[in-house]
Structure formats: C-alpha cells, structure tokens
Amino acid sequence: MEFPVINLGKLNGEERAATMAKIKDACENWGFFELLNHGIEPEFMDTVERMTKGHYRKCMEQRFKEMVASKGLEGVQTEIKDMDWESTFFLRHLPESNIAQVPDLDDEYRKVMKDFAAKLEKLAEELLDLLCENLGLEKGYLKKAFYGSRGPNFGTKVSKYPPCPKPDLIKGLRAHTDAGGIILLFQDDKVSGLQLLKDGQWIDVPPMRHSIVINLGDQLEVITNGKYKSVEHRVVAQTDGTRMSIASFYNPGNDAVIYPAPALVEKEAEEKKQVYPKFVFEDYMKLYAGLKFQPKEPRFEAMKAVESNVNLGPIATA
C-alpha cells in the first residue's frame, strides 16, 4: 500500500492519462494524495516556511508553553479527549480577507501569506477541474457548486505541533474528517505526524519537501454521491521536533446549496438513487462545529432529516 504521490508536471505530456488515473484512484480509495510539481515555486515555499517558523518562535511559542503549564499538561496520566496539542491561528482569504486584522503578523509575512493564498486558490480550482474531468462532470461544475452568491470560502489554518511529553495521551489533533471542500496542506518535511485511516489502519502521510498534500472534505463526498470519500485523519504529536502545518481550506460559500451532482446520481442503479442529502453549506457547518470529532455519517443523516422537513413545509401548511 503505497501512499499516492502525483507528479502534476506529467499532465502535459504523454503520461496525462496515467496521471489522471492515479488521481482518480487516490480520490476513490484514499481521499488523500501528495502533489509534486504543482506550480508553486520551491523558493517561495521556503520563504513561507521560514517566516511561519519565525512567527511561531516570536509570538506563539511562549504562549503555548504558558497554556501547557496552566493546565498541568506535562504530567498527564490519563488520555485527554477534549483538546489538541497544537498552537494555531487562522487567516481568511475569501470572500474577503482578514489578513490585515490578524494581530502579531509583520507586514512582510502578511504579504507572503496573501501571495501564497492566491497561488493555492488557483491550484484548488485547477484540481477541482481535474476531478470534474475524472467524474465526467462538465468543466467548472465543482467550482460552480461551491460558488453560492459570493464565491467560495477560503481560509488557512496555520498550526505548530510542539514536542509533546505524552503523545500516547494527548493527540496533536484528534481524528476527524474535514467538513469542507478540498484541502491543500503544506506540511513539515522533517517532522511527521499526520496519519489517515485506511482499511482500519492508521497510515502515515509521508513528509516530502515542497509537496502539497491534498485531501477531500465532506462536501465532495456529498456532491460525488459517495464516489469520493472524505477520510478520517489525525495528527500524532512527537516527543521531539515541532511540526509545521499550513492547511488551506477551499470550501463552498455559506449559502451554497450542496447536493449530489445529478449526472452522478443518474448513473447509479435505480434502487441506489441519491444517498446523500441536499443542504445549505452554512447549516452543515453549524452542525459540524459540535460534532467534528465524531463520525460523519450521523451528520449526513441529520442533514437528511432537515431536508425532508424543508420539502414537507408547504404540504404541512396546506
């Protein structure tokens, strides 16, 4: 079982069909893959990494240590199930950016993160079109499905996973599936820790220099009617080394209505008509907020229940 690594540079030559087949297999059987030659310059990624690490040392490391001390986490004896061993901050890019308002960032770092977001946004949209091609959907279908009235939600979670004295008792990040659309991760190439669940086993997502790790969120599972799955993953903290993770989430707009693509439902046998619900993305996110670290299936069921109420409205009052 080799973790899927895809060289995007091969899309332009005679290996295009084989590369597309690898992407298809990764989406259907892994929910994760790692991209090389994705078009974001290695030197630029080095700058992002250097500045992110510098910002952590300058502004966040001490705060994290104080939090650990105040909660007495160095000496824990039993498993901690209600928090993660991570130090994070969030940046929002779309529909409007909040980078100018985020405290503690120096101007050069703000500019670099803004540029990085623009490159990742472009890559996300390219990838969505590759998925469309593999799924037999018209080009642009997924981007449109995500659009809503104001375009997609796009944001970045910048995380550091400092050395943890008891990684068996405190997870860097507890197991979950991602709620949104497509996730693009620039992760540490030296300190590992990210794992995904495949066939009942936790498998490492290998750290590779200058790669971007892609994973699919719950919304793509719904739109593909389960052909592609969002996959449970977690971060295991390490006893030495601080792992950097910059995860950017290209998600539907708040008012985007998410439902299985009719073209994919039609292909299914009659008895297997639409399995997944139809809902407004924002409603799903409200539900997810409280259930992030639980299985996704009950979330889909809950949205189905809401959906049938929505449809019954006019009949009930008639």
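The values are calculated or read from the model by the stated rules, or taken from the named source; none is laboratory data. These numbers were taken from a predicted model, which means no experiment stands behind them. Don't worry about glycine lacking a Cβ; one is built from the backbone with ideal geometry, like all the others, and counts go over all protein chains shown. Accessible surface areas use protein heavy atoms only, side chains included; no ligands, DNA or RNA. Shrake-Rupley method; radii C 1.70, N 1.55, O 1.52, S 1.80 Å.
Side notes on the structure shown:
- In Å, descending, principal axis extents of the Cα set of the stretch 32-104: 46, 33, 26
- The GluC sites (Glu not before Pro) of the stretch 1-100 that meet both conditions, a loop assignment by DSSP and at most 15 other Cβ atoms within 10 Å of the site Cβ, are Glu2, Glu14, Glu15, Glu79, Glu96.
- Applying 0.36 nm per residue to the separation of Lys58 and Ala18 and subtracting their alpha-carbon distance, the gain on full extension is 9.9 nm.
- Acute angle (nearest 10 degrees) that the helix 16-29 long axis makes with the longest principal axis of the chain, alpha-carbon atoms: 90
- Cross-link reach is defined here as a Cα-Cα straight distance under 12 Å, omitting same-chain residues fewer than 8 places apart; for Lys296 the aspartates and glutamates meeting it are Asp178, Asp218, Glu221, Glu232.
- When the Cα positions of Pro295, Tyr109, Met83 are compared along the charge dipole of the stretch 5-311, Met83 comes out farthest toward the positive end, with charges on each C-beta of Lys, Arg, Asp and Glu.
- Reducing the stretch 66-115 and the stretch 193-246 to their Cα centroids gives an inter-centroid distance of 19 Å.
- In Å², nearest 10: area of Met1 left accessible to a 1.4 Å probe: 140
- Rounded to the nearest 10 degrees, the inclination of helix 281-291 to the longest alpha-carbon principal axis of the chain is 50 degrees.
- The chain, accessible surface, carbon-and-sulfur percent (1.4 angstrom probe): 52
- Ellipsoid equivalent to the stretch 95-208 - semi-axes via the Cα gyration tensor, in Å: 28, 23, 13
- Each stretch of four or more DSSP H residues adds -39500 (n - 2.57); spread over every residue of the chain, this sum gives -11500 deg cm²/dmol at 222 nm.
- Estimated distance in nm for a label pair at Glu125 and Glu66, the labels positioned 7 Å out from Cα along Cα-to-Cβ: 4.2
- Based on every Cα atom in the stretch 22-70, Rg and the maximum pairwise Cα distance Dmax equal 17.6, 48 Å.
- Basic side chains Lys and Arg get +1 at the Cβ, acidic Asp and Glu get -1 at the Cβ, and with that the dipole of the chain about its Cα centre reaches some 460 debye.
- log10 of Debye I(q)/I(0), alpha-carbon scatterers only, for the chain at 0.08, 0.14 Å⁻¹: -0.38, -1.16
- For the stretch 57-140, the Cα gyration tensor yields ellipsoid semi-axes of 36, 22, 9 Å (square root of five times each eigenvalue, largest first, whole Å).
- Calculated accessible area for the chain comes out at 47 Å² per residue, all protein chains present (probe 1.4 Å; ligands, DNA, RNA ignored).
- Of the trypsin sites (Lys or Arg not before Pro) found in the stretch 58-120, those in coil by DSSP whose Cβ has at most 15 other Cβ atoms within 10 Å are Lys71, Lys81.
- Nearest-ten-degree value, helix 297-317 long axis tilted from longest Cα axis of the chain: 40
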